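The values are calculated or read from the model by the stated rules, or taken from the named source; none is laboratory data. Quantities reported herein were computed from a predicted structural model and do not represent experimental measurements. All Cβ positions, glycine included, derive from the backbone under ideal geometry; neighbour counts span all protein chains shown. Only protein heavy atoms, including side chains, enter the accessible area calculation; ligands, DNA and RNA are left aside. Shrake-Rupley method; radii C 1.70, N 1.55, O 1.52, S 1.80 Å.
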Amino acid sequence: MEAPVVIDLDSWPRREHFEHYRNTVPCTYAMTVDLDVTAFADALRRSARKTYIAQIWALATVVNRHDEFRMCLTESGAPAIWSVVDPAFTVFNTERETFACVSAPYDPDFAVFHESAAALLAAHSRATEFFPQGALPPNTFDVSSLPWTSFTGFTLNIRDSWEHFAPIFTLGRYIERDGRTVLPLAVQIHHAAADGFHTARLVNELQELLNDPSWVR
């Protein structure tokens, strides 16, 4: 894993925004949206691919396009950017009614990522440890799923989260509405890392990726 690249503060357009939301008014924010996944769900019904893994890959693909969602802090506290971030995601143990958290290396080829993630889900479906792989790599972001219910809002209240800059995603259960299939998605992010513009762009690009699921193969 390559070390993150430190941001040049003198030339960074968001320097003032970063310093304001990290030091003066430290805050995170959450946004919940409904994604139209009609074409995406249809493609998966015709495929042997797993829906959850496809959702994770789509999120990781859009996250990896943008510096603001690959941000971290160095040991000295300087903002820096990972070249690639990997998704860490939950695996539910139905017998114990607990979950584990695992991570898979992101690959821009969905088929390659699917093979790796599917093996992890199978291997850890009965995991009794929270982190069966050991400590997660530092270049990860979190994805969790609530396939048992839908929601119109979801916020994690994280104590002392002022130096956590990786995005956190929560997926809900599909809803059938007016002949369309809808997926609730909650995005939580530190305001020092990304403004509303950046999160809206991420959501819009994710919607575009789901509108054309030709990559599901």
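What are the ³J(HN,Hα) couplings of segment 3-14, residue after residue, when phi is run through the Karplus curve with 6.51, -1.76, 1.60 and θ = phi - 60°? Round to Hz, x for glycine and proline.
5, x, 8, 5, 6, 7, 4, 5, 10, 7, x, 9
How charged is the neighbourhood of Glu68? Take every other residue with its Cβ under 11 Å from the Cβ of Glu68, and add Lys/Arg as +1 and Asp/Glu as -1.
Working: positive: Arg14, Arg65, Arg70, Arg201; negative: Asp67, Asp195.
Counting the neighbours of Glu68, the net charge comes to +2.
Might you tell me the accessible area per residue for segment 127-166, computed with a 1.4 Å probe and given in Å²?
Counting only protein heavy atoms, the per-residue value for segment 127-166 is 67 Å².
What is the sum of charges around Val102, taking Lys and Arg as +1, Asp and Glu as -1, for the other residues whose C-beta is under 15 Å from the C-beta of Val102?
-2
To the nearest 20 Debye, how big is the dipole of segment 1-143 about its Cα centre, given +1 on the beta carbon of each Lys and Arg and -1 on that of each Asp and Glu?
For segment 1-143, the charge dipole is close to 400 debye.
What are the residues whose amide H is under 5 Å from the amide H of Ser150, where those residues sit 5 or more places off or on another chain and H is modelled from the backbone?
Counting only residues 5 or more places away or on other chains, the set is Arg173.
Given the C-alpha centroids of segment 21-49 and segment 101-142, what is the distance between them in whole angstrom?
Centre-to-centre distance over Cα atoms comes out at 19 Å.
Mind checking which helices in the chain clear 15 Å along their axis (Cα) and have mean Kyte-Doolittle hydropathy of 1.0 or more, DSSP H runs only?
TM-like helix candidates: 51-63, 110-123.
If Ile53, Ile158 are ordered by their accessible area, calculated over protein heavy atoms with a 1.4 Å probe, which sequence runs from highest to lowest?
These residues rank, largest area first, as Ile158, Ile53.
Just read off the accessible area of Asp195 with the full protein assembly in place, 1.4 Å probe, to the nearest 10 Å².
30
Of all accessible surface on segment 32-211 at a 1.4 Å probe, what whole percent is carbon and sulfur?
Percent of accessible area from carbon and sulfur atoms in segment 32-211: 51.
Between Val5, Thr181, Val84, whose Cα lies farthest towards the positive end of the dipole of the chain when Lys and Arg beta carbons carry +1 and Asp and Glu beta carbons carry -1, centred on the Cα centre?
The residue sitting farthest along the positive end of the dipole is Thr181.
Quick check: residue separation of Glu115 and Ala48 times 0.36 nm, minus the Cα distance between them. What number comes out in nm?
On the way: separation 67, 0.36 × 67 = 24.12 nm, distance 1.16 nm.
The span from Glu115 to Ala48 would gain 23.0 nm if fully extended.
Could you tell me the relative contact order of segment 1-145? Use alpha-carbon pairs under 8 Å, at least six residues apart, and round to a whole percent. The partial results should precede the final answer.
Details: 166 pairs, mean separation 34.5, N = 145.
Averaging sequence separation for qualifying contacts and normalising by length gives 24 percent for segment 1-145.
For Glu68, Glu176, what's the largest-to-smallest order of accessible area, 1.4 Å probe?
Largest accessible area first, the list is Glu176, Glu68.
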